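K.L.:
Got a structure here, written out as structure tokens. Questions coming.
The values are calculated or read from the model by the stated rules, or taken from the named source; none is laboratory data. None of these values were measured; they are calculated from a predicted model. Every residue, glycine among them, receives a Cβ derived from its backbone with ideal geometry; neighbour counts consider all protein chains shown. The protein model used for the area step is the full one, side chains on, heavy atoms only, and it has no ligands, DNA or RNA in it. Shrake-Rupley method; radii C 1.70, N 1.55, O 1.52, S 1.80 Å.
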Amino acid sequence: MATPDGTDTALAGEIPFRPLSIAEILDGAIACVRLYPRAVLGTSLLVTTVVQVAGSVAAYYFVGRTARDEVTPSWVVRSVGTQFTLGAFGLVLSAFAIVLLAGMLAPVIGRGLYGQPVPLRRAWRDTRPRLWRLIGTALVVTLVPLLGLAVPILPFAAFVAVDAPAGAGVLSAVIGFPVGAVLMVWLYVLLVLAAPAVVLERQSVGGALKRAYALSRGRWWRTFGTCLLAILVTVFMGFFALRIPFLLVELIFFGGGGSADGQGNEAMYALAVDTVGRIVSWTVVLPFDAGVIALLYLDRRMRREGLDLELRTRAVERAAARKAPVAGDGSAPEGEDRRDPDDEFFESWEPPPPRPQAGPLPYETGAMP
């Protein structure tokens, strides 16, 4: 792949273009933010603002009269069931935002591996034609695991609804909730790599989900462990370090028992401050989770399909073609002057044709970390 000045910088990015260790994946996600702050943080700010504002509006009107009549934060403590529901809703929105952002950042990381500049406009141009497919994929990746959680706990909900004997309800809960949690995590890890595939490989939603399954097969535990480490870092940074100033503002200015303006709007102001805090914190930390997912996708393709070897070969072939003698009329070799650089970039990520089962690639033997 050539840079705008015509030189070949393929595979010259800071992130190693080879199968990555878990530490390199985590470091690479941080390096992506540092190397392309405008593209990464600008995209993250857009996604986070839309998601968090929608979540706050839904939360405010979901609580309804409770939030508007109680002008102190004490309603947060008293309405435990409501707050649990809102908390779960917030986690679902955050999971959706991470998957969506993983797809949007995949071209940024992909171009970075070639050493290409990635301004915000370029990041948007790469994602825009596939935005609706990416949104559909993110919805499936978010909702299917939730369905996996819900199905095993349906007997418990049914026993509670018909006022069944307590023993039946307890037994169904003891079995249903752990099974549902395990199924939810299993499905999420199995499908999460679909987001980068739908953008980089220009797949349909169904095709991206199939690709995610194929890439995750045999490496589920490694993908799970890497995602878990990323989530722990995100939770610590997002919930604690970056949100503490905003929580202090809420406590100092909206923690009293009176109304801020005599009209019962204190809860609304506190929610606004909390929303701003979530936007700031998640804008900074969500690209880390999303970058980890995108790098896991690249790592799985390198290990299972030898993507790094294939792209190195293509880079050498393109360099040789550019040095080839021109035609008699002085024109470039056929096809060279008509190739769209964007098409060339995305074609390089298309999945390879099925290969004969002649044994695993060297990376699949487990010799590398």
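K.L.:
Which number in (1) at pLDDT 90 or above; (2) more than 17 Å from the chain's Cα centre (by Cα); (3) not basic (Lys, Arg) marks the one condition that Gly277 misses?
P.N.:
Going through the list (1) at pLDDT 90 or above; (2) more than 17 Å from the chain's Cα centre (by Cα); (3) not basic (Lys, Arg), Gly277 breaks only (1).
K.L.:
A follow-up question, please. Do you know which residues across segment 193-204 are over 30 Å from Arg278 (Cα atoms) and either of a type in the set (Val, Ile, Thr) or open to solvent by 30 Å² or more (accessible area, probe 1.4 Å) (or both)?
P.N.:
Within segment 193-204, the first condition is being over 30 Å from Arg278 (Cα atoms), and the residues that meet it are 201-204.
Correct list: Arg202, Gln203, Ser204.
K.L.:
Would you be able to say whether some residue in segment 193-215 is at pLDDT 90 or above, farther than 13 Å from Val140 by Cβ and out of contact with any helix residue (DSSP H, G or I) (no Cβ under 7 Å at 6 or more places or on another chain)?
P.N.:
Checked against the condition, which is being at pLDDT 90 or above, farther than 13 Å from Val140 by Cβ and out of contact with any helix residue (DSSP H, G or I) (no Cβ under 7 Å at 6 or more places or on another chain), segment 193-215 yields at least one hit.
K.L.:
Within segment 85-116, take every residue that is of a type in the set (Val, Ile, Thr), modelled with pLDDT of 80 or more and open to solvent by 10 Å² or more (accessible area, probe 1.4 Å) and give me the one that is farthest from Thr43 (Cα to Cα).
P.N.:
Checked segment 85-116; the qualifying residue farthest from Thr43 (Cα to Cα) is Val92.
K.L.:
Find all pairs meeting these conditions: Cβ atoms under 7 angstrom apart; at least six residues apart or on different chains; first residue within segment 221-249 and more than 19 Å from Ala181 (Cα to Cα); second residue at pLDDT below 75.
P.N.:
none
K.L.:
Just need a number here: residues in segment 160-187 that are within 30 Å of Leu215 (Cα to Cα), exposed (fewer than 14 other Cβ atoms within 10 Å of the Cβ) and not aliphatic (A, V, I, L, M).
P.N.:
Residues flagged as within 30 Å of Leu215 (Cα to Cα), exposed (fewer than 14 other Cβ atoms within 10 Å of the Cβ) and not aliphatic (A, V, I, L, M) within segment 160-187 amount to 1.
K.L.:
Considering each residue of segment 205-220, count those that are open to solvent by 20 Å² or more (accessible area, probe 1.4 Å) and of a type in the set (Ser, Thr, Tyr), and give that number.
P.N.:
Taking segment 205-220 as the starting set, the residues that turn out to be open to solvent by 20 Å² or more (accessible area, probe 1.4 Å) are 205-206, 209-211, 213-214, 217-220.
Subset that is of a type in the set (Ser, Thr, Tyr): 213.
So the answer is 1.
K.L.:
The conditions are (1) in contact (Cβ under 8 Å) with a residue 12 or more places away in the chain; (2) assigned to a helix (DSSP H, G or I), and Gly167 fails exactly one of them. Which is it?
P.N.:
(1)
K.L.:
When the residues of segment 147-179 are narrowed to those that are over 25 Å from Val92 (Cβ atoms) and among the β-branched types (Val, Ile, Thr), which ends up nearest to the chain's Cα centre (by Cα)?
P.N.:
My answer is Val170.
K.L.:
Just for segment 232-263: of the residues that are open to solvent by less than 70 Å² (accessible area, probe 1.4 Å) and of a type in the set (Phe, Trp, Tyr), which one is modelled with the lowest pLDDT?
P.N.:
Phe254
K.L.:
Pick from segment 117-134 the residues that are within 23 Å of Arg301 (Cβ to Cβ) and aliphatic (A, V, I, L, M): which of them is most open to solvent (accessible area, probe 1.4 Å)?
P.N.:
Leu131
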